[in-house]
Amino acid sequence: MVPLAWANLVANIAIAITGGAVRLTGSGLGCPTWPRCTDESYLPHSALGVHGAIEFGNRMLTYVLVVIAVACWLAARDRAAEHSRAVRLSTIIALGIPAQAVLGGITVLTDLNPWIVGLHLLVSMAIVGVCVVLLDHLRGPSREGAPTGASRLAAMLFVVGWVVLYLGTVVTGSGPHSGDLESRRTGLDPQVMSHVHAWAVYVLVALTVGLLWTAQRTNQRVLLRAAAALLGVELLQGTIGFWQYFTDLPELLVGFHMLGAGLTSAALTWVVLSTRPR
């Protein structure tokens, strides 16, 4: 079942990236309606061009996620006696994917409202987190819980990390790459929001360094590894973020930044789990 849990995690990060590719290529309304691609057909026609093909392809990836999620759920059901929690977690993931599909449809029906688009990404990040919880439940040796101080710091870090993820969607919603030339933006100043986002990142990095020091001082090796991984992701994300800011947001860098968002969500979850006994 562990390989299926890994597949769940990778697939849910991947579809967030392909969803970003739809937006970055201006294909957000390549299929102008939902659940059909056009009012007459579920399939794109030649008049929609490459944008229709890109958007339709992204929609089809949802079915790949459904197959993986259902297979994982069935595997968990086969071992329900020893993995009842795995059944619950697999159920959340399996139900989250069609819910995401509906939310994706709402983004199309609202002409890519930037607030809905941001929510769409955040739900994906939440599903990624649940995938990490499932993996943590299934693999690895037992561990003791971290001291209270470290646990509280990890919880604070988790909250700030999600504030950073949210502010990232606000920055995106106020800038270019709307997904369609005629889609509206939030109306917020993208420069101001970029600075607000950056300051939240500084707080997150400071908390991560503090947690690293605490884990080292209290000899919490699992927590130390998780915090080090998170810091590595943060530094990579920060480098990409500054690079794209000073180079007018090239599409490829924005795509890598979305990959980093998925890894950030996974690492944040791992840090919190590392403070709990198993």
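Quickly run through the stretch 79-96 and pick out the residues that are in contact (Cβ under 8 Å) with a residue 40 or more places away in the chain and either in contact with a Gly (Cβ under 6 Å, 6 or more places away or on another chain) or not hydroxyl-bearing (Ser, Thr, Tyr) (or both). Answer for the stretch 79-96, where residues must be in contact (Cβ under 8 Å) with a residue 40 or more places away in the chain and either in contact with a Gly (Cβ under 6 Å, 6 or more places away or on another chain) or not hydroxyl-bearing (Ser, Thr, Tyr) (or both): 79, 83, 85, 86, 89, 93.
In the set 165, 112, 153, only one residue is over 22 Å from residue 11 (Cα atoms) and either assigned by TED's automatic domain parsing to the domain that holds residue 191 or assigned to a helix (DSSP H, G or I) (or both); that residue is 153.
Could you list, in sequence order, all residues of the stretch 159-180 that are modelled with pLDDT of 90 or more and among the small types (Gly, Ala, Ser)?
Correct list: 161, 168.
Right, residue 183: among the small types (Gly, Ala, Ser) and in contact with a Gly (Cβ under 7 Å, 6 or more places away or on another chain) or not?
yes
In the stretch 86-108, of all residues being under 13 Å from residue 5 (Cα atoms) and touching a His at 6+ places or on another chain (Cβ under 7 Å), the one that is surrounded by the fewest Cβ atoms within 10 Å (Cβ to Cβ) corresponds to 86. The set of residues from the stretch 37-74 being part of a loop (DSSP other than H, G, I, E, B) and either in contact (Cβ under 8 Å) with a residue 40 or more places away in the chain or among the hydrophobic types (A, V, I, L, M, F, W, C) (or both) comprises 37, 43.
The values are calculated or read from the model by the stated rules, or taken from the named source; none is laboratory data. Small disclaimer: the values here were computed from a predicted structure and weren't measured. With ideal geometry, Cβ positions are generated from the backbone for all residues, glycine too; neighbour counts draw on all protein chains shown.
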